1. With a 1.4 Å probe and every protein chain left in place, work out the accessible area per residue of the chain in Å², rounded to a whole number.
2. Using a 1.4 angstrom probe on the protein heavy atoms only, could you order Ile42, Ile83 from most to least accessible area?
3. Taking the Cβ of Gly63 as the center, what net charge do the other residues with Cβ under 13 Å away carry, scoring Lys and Arg +1 and Asp and Glu -1?
4. Just tell me which aspartates and glutamates come within less than 16 Å, Cα to Cα, of Lys22; anything on the same chain fewer than 8 places away is out.
5. Compute the signed sum of charges (Lys and Arg +1, Asp and Glu -1) over the other residues within less than 14 Å, Cβ to Cβ, of Val31.
6. Given an 8 Å cut-off on Cα distances and at least 6 residues of separation, report the relative contact order of the chain as a percent.
7. For the chain, with all protein chains present and a 1.4 Å probe, just round the carbon and sulfur fraction of the accessible area to a whole percent.
8. Within region 12-92, list the GluC sites (Glu not before Pro) lying in a DSSP loop whose Cβ has at most 13 other Cβ atoms in a 10 Å radius.
Amino acid sequence: MKRVLLVEKHDLFRQVLGLVLKRNTDLKETVQANSLAETRRILGDSNHKVHLAVVDLDLANGGGFELIRELRTSAPDVPVLAITLRRDAVRRERALRVGAGEVLTMAASSREIVDVAKQLVGE
């Protein structure tokens with residue numbers, strides 16, 4: 001069974017996104033975090049192998065970009081979908097440069113998010 005790591009500071013968005021992915025992809029389990037520190041604790045637990053990471057770029061203190069960089073080092077085989085509130089070409093390019101496979105805004109449709117998630121995990 002495939003597992004997704006959802007790192008998003010907005011609880012409701014994170015929970016709904018987890019349900020949408022569970023119902024529409026092979027990502028049937030979710031591990032959720034709302035901060036960089038909480039994510040580091042989760043990733044330190046070997047029981048939490050993930051197949052996709054969805055990372056909020058707008059975590060406190062640039063934590064989203066930092067987390068993507070860390071994932072590229074510690075789990076280079078895990079694809080990353082970056083999510084951001086702001087549509088900004090500079091931030092998008094920065095996220096891709098540090099290792100995100102794709103960047104979407106929170107305004108993206110659930111269908112678009114599902115399609116990108118499937119593409120990143122090879123469904």
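1. Values: 6440 Å² over 123 residues.
Value returned for the chain: 52 Å² of accessible area per residue.
2. Numbers: Ile42 25, Ile83 0 Å².
From most accessible down to least: Ile42, Ile83.
3. Values: positive: Lys9, Arg40, Arg69; negative: Glu8, Glu38, Asp56, Asp58, Glu66, Glu70.
Residues close to Gly63 contribute a combined charge of -3.
4. List returned: Glu112, Asp115, Glu123.
5. Numbers: positive: Lys2, Arg3, Arg14, Lys22, Lys28, Arg40, Arg41, Lys49; negative: Glu8, Glu29, Glu38, Asp45.
That works out to +4.
6. On the way: 199 pairs, mean separation 30.5, N = 123.
Reported as a whole number, the value is 25 percent.
7. Numbers: 3190 of 6440 Å².
C and S fraction of accessible area: 50 percent.
8. Values: sites: Glu29, Glu38, Glu66, Glu70; in loops: none.
In loop regions of region 12-92 (DSSP not H, G, I, E or B), there are no sparsely surrounded GluC sites (Glu not before Pro).
The values are calculated or read from the model by the stated rules, or taken from the named source; none is laboratory data. This is a predicted model, so every value here is computed, not measured. Using ideal geometry, Cβ is built from the backbone for each residue, glycine included, and neighbour counts are taken over all protein chains shown. Note: accessible area is taken over every heavy atom of the protein model, side chains too, but ligands, DNA and RNA are not part of it. Shrake-Rupley method; radii C 1.70, N 1.55, O 1.52, S 1.80 Å.
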